[in-house]
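The values are calculated or read from the model by the stated rules, or taken from the named source; none is laboratory data. Computed from a predicted structure; not experimentally measured. Reconstructed Cβ throughout: ideal geometry from the backbone, glycine too, with neighbour counts over all protein chains shown. Protein only, heavy atoms only, side chains kept; ligands, DNA and RNA dropped before computing areas. Shrake-Rupley method; radii C 1.70, N 1.55, O 1.52, S 1.80 Å.
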Amino acid sequence: MGEVLIKAEGVSKKFAKNLKKSLWYGLQDVYHGILGKTIDKSLRADEFWAVKDVSFEVRRGECLGLIGHNGAGKSTLLKILNGLIAPDAGTITMYGKVGALIELGAGFNPILTGRENIYNNGAVIGFTKAEIEAKLEAIIAFAELEEFIDMPVQNYSSGMKVRLGFAIAAQLEPDVLIIDEVLAVGDLGFRVKCMNRINELLPTTAVIFVSHAMAQVTTVCTTALLLDHGRLELMSSEIGEVVEQYFLKFKNEEEQFIGDGSVALERFEFVKNNEKGRELFIENGDDIVVEFELKVKKEITDLKFRIGIFNIEYKLLAEVDSSTTSFKANIKEGKMLVRVILKGMYLKYGKYSLHLHVTNGESSKKILRQSNVAHFVVKPTLTVGADFLLASEWE
Ligand SMILES: Nc1ncnc2c1ncn2[C@@H]1O[C@H](COP(=O)(O)OP(=O)(O)OP(=O)(O)O)[C@@H](O)[C@H]1O
């Protein structure tokens, strides 16, 4: 195992919710500091902990992924690590050269050209002019900014700034690399390139990065840390468990319904061991049994059903459709009960929602579309990198 390059111990940072108070408290702290008085470490009126008592270590060769909802304190923690803001309590110890890409455009002088900014930023990280010169062409090539490198950075697009920022932070091969969500501003091609570069650097670097893209976290990170309202809720090298915990924090989406009134969904439930419910936990590969009841207002001779499976990012991953089977539903006015088995749910761990579509087979008209009718969570028993694992036969 590599040596510890980043050590955070009991790090806390508080902010005031209101600007006037924030300025006033700031002045008080400076005044107390000058007089050598101890600064108040507890919360004052209108203050809250953006980061509270967070401790961790990152070694060379490790990549820590910081995840959490908006406002959980991820960027604040990165800024403390990078020395942009001071913690109110706790200590940060960093070893070696630190390359960071934190806020869009931060660290760039807008009136200087891209090339001049490379020299400036490289010097801030701690590299000599000769070291920067040796890497200059590689940085420009990685950022794919050959044409624009002598243009002032203020005329760069957001994507161009991120390219340059990442290229400087990563091409100089720092000991510690800190990357915020800003990477998401780059286009898909560049993001893939960045992930590959992080992988290349990993054996000799300690990396911390913030991401809302769980696919990125699971591919690159060796440890994941979940922040919730500034507190460390879970940290583990079992990334799947941390990601699952993160997914579970999101409230179920509201059910949405569109229909012409000819059928109404009365009930939609999972059935497992004789118990019924709209939430279900399964393991990779389990079957899911679904039961739903419809109230039909007038006779329909051919009803077709389709159930869509959506992931937490609202991407439709798979569907099952009754018309691919010999199932025929002919119903006069009244209630009907439908039961369907979704076979072999080899999905990546995470939370999924089901959406139901009902079509009148005769007229091909959609008569009911109801989203978020039920939710299930796939537990991380088998590591599945892709969205789902296909059924296969081996000899
Ligand atoms: N300079 C500041 N003054 C006051 N409050 C701040 C300041 N910077 C951040 N905050 C607050 O601290 C909390 C944590 O913010 P932070 O930017 O660290 O969250 P985050 O986890 O990075 O969120 P996101 O996923 O939206 O980027 C938020 O409530 C935010 O409003």
Index of the failed condition, Lys304 passing every other in (1) farther than 14 Å from His375 by Cα; (2) in contact with a Leu (Cβ under 6 Å, 6 or more places away or on another chain); (3) outside the structural domain of Leu227 (by TED's automatic domain parsing): (2)
Search result, residues across the range 1-29 that are more than 13 Å from the ligand (Cβ to nearest atom) and surrounded by fewer than 11 Cβ atoms within 10 Å (Cβ to Cβ): Met1, Leu27
The range 38-64, subset within 23 Å of Phe250 (Cβ to Cβ) and within 13 Å of the ligand (Cβ to nearest atom), residue surrounded by the most Cβ atoms within 10 Å (Cβ to Cβ): Val51
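Residues of the range 322-362 being among the hydrophobic types (A, V, I, L, M, F, W, C), open to solvent by 50 Å² or more (accessible area, probe 1.4 Å) and either more than 18 Å from Gly308 (Cβ to Cβ) or not in a strand (DSSP E or B) (or both), which ones?
First, the residues of the range 322-362 that are among the hydrophobic types (A, V, I, L, M, F, W, C): 327, 329, 331, 336-338, 340-342, 345, 347, 354, 356, 358.
Filter once more, keeping what is open to solvent by 50 Å² or more (accessible area, probe 1.4 Å): 327, 337, 341.
Passing the criteria: Phe327, Leu337.
When the residues of the range 169-199 are narrowed to those that are in a helix (DSSP H, G or I) and either within 16 Å of the ligand (Cβ to nearest atom) or modelled with pLDDT of 90 or more (or both), which ends up surrounded by the most Cβ atoms within 10 Å (Cβ to Cβ)? I'd like the intermediate steps shown before the answer.
Let us first name the residues in the range 169-199 that are in a helix (DSSP H, G or I), namely 169-171, 181-185, 188-199.
Okay, now just the ones that are also either within 16 Å of the ligand (Cβ to nearest atom) or modelled with pLDDT of 90 or more (or both), so 181-185.
On the way: Glu181: 19, Val182: 20, Leu183: 22, Ala184: 13, Val185: 17.
Out of the qualifying residues, it is Leu183.
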Tally of residues being open to solvent by 30 Å² or more (accessible area, probe 1.4 Å) and within 30 Å of Asn196 (Cβ to Cβ) across the range 65-90: 7
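Which residue is most open to solvent (accessible area, probe 1.4 Å), if the candidates are limited to the range 275-293 and must be among the aliphatic types (A, V, I, L, M) and over 25 Å from the mean Cα position of the chain (by Cα)?
Val289
Quick check, is Ile307 buried (at least 18 other Cβ atoms within 10 Å of the Cβ), touching an Asp or Glu at 6+ places or on another chain (Cβ under 7 Å) and either among the basic types (Lys, Arg) or under 28 Å from Glu393 (Cβ atoms) (or both)?
Judged against the criteria, Ile307 is a match.
Quick one: in the range 200-250, which of the residues that are free of Cβ contacts under 8 Å to residues at least 12 places away in the same chain and part of a helix (DSSP H, G or I) is surrounded by the fewest Cβ atoms within 10 Å (Cβ to Cβ)? Full working, then the answer.
Pass one, the range 200-250, residues free of Cβ contacts under 8 Å to residues at least 12 places away in the same chain: 200, 215, 234.
With part of a helix (DSSP H, G or I) added as a condition, the list becomes 200, 215.
Details: Glu200: 12, Ala215: 15.
This residue is Glu200.
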Tally, over the range 67-97, of residues that are part of a loop (DSSP other than H, G, I, E, B) and near the ligand (Cβ under 10 Å from one of its atoms): 7
Members of the range 363-375 found to be touching an Asp or Glu at 6+ places or on another chain (Cβ under 8 Å) and open to solvent by 30 Å² or more (accessible area, probe 1.4 Å), listed by number: Lys365
Single residue of the range 252-274 satisfying the filter (open to solvent by 90 Å² or more (accessible area, probe 1.4 Å) and assigned to a loop (DSSP other than H, G, I, E, B)) that is modelled with the highest pLDDT: Asn273
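For the structure I just gave you, tell me whether Phe166 is in contact with a strand residue (DSSP E or B) (Cβ under 7 Å, 6 or more places away or on another chain) and either crowded, with 24+ Cβ neighbours inside 10 Å or modelled with pLDDT under 90 (or both).
On the way: in contact with a strand residue (DSSP E or B) (Cβ under 7 Å, 6 or more places away or on another chain): yes; either crowded, with 24+ Cβ neighbours inside 10 Å or modelled with pLDDT under 90 (or both): yes.
Yes: the conditions hold for Phe166.
Can you find a residue that is within 19 Å of Leu81 (Cα to Cα), away from the ligand (no atom under 16 Å from the Cβ) and touching a Ser or Thr at 6+ places or on another chain (Cβ under 7 Å) anywhere in the range 241-258?
Within the range 241-258, not a single residue is within 19 Å of Leu81 (Cα to Cα), away from the ligand (no atom under 16 Å from the Cβ) and touching a Ser or Thr at 6+ places or on another chain (Cβ under 7 Å).
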Qualifying positions in the range 138-167 - among the small types (Gly, Ala, Ser) and within 21 Å of Glu103 (Cβ to Cβ): Ala143, Ser157, Ser158, Gly159, Gly165, Ala167
Filtered residue count, the range 273-331, keeping only those that are farther than 23 Å from Thr381 by Cβ and of a type in the set (A, V, I, L, M): 8
Some residue of the range 98-113 being assigned to a strand (DSSP E or B) and within 16 Å of the ligand (Cβ to nearest atom): yes
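Is it the case that Glu319 is touching a Leu at 6+ places or on another chain (Cβ under 9 Å) and either open to solvent by 30 Å² or more (accessible area, probe 1.4 Å) or of a type in the set (Ser, Thr, Tyr) (or both)? Can you show your working first?
Working: touching a Leu at 6+ places or on another chain (Cβ under 9 Å): no; either open to solvent by 30 Å² or more (accessible area, probe 1.4 Å) or of a type in the set (Ser, Thr, Tyr) (or both): yes.
No; evaluated as a whole, the condition is false for this residue.
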Odd one out for Ala106 among (1) surrounded by fewer than 22 Cβ atoms within 10 Å (Cβ to Cβ); (2) modelled with pLDDT of 90 or more; (3) closer than 18 Å to Phe166 by Cβ: (2)
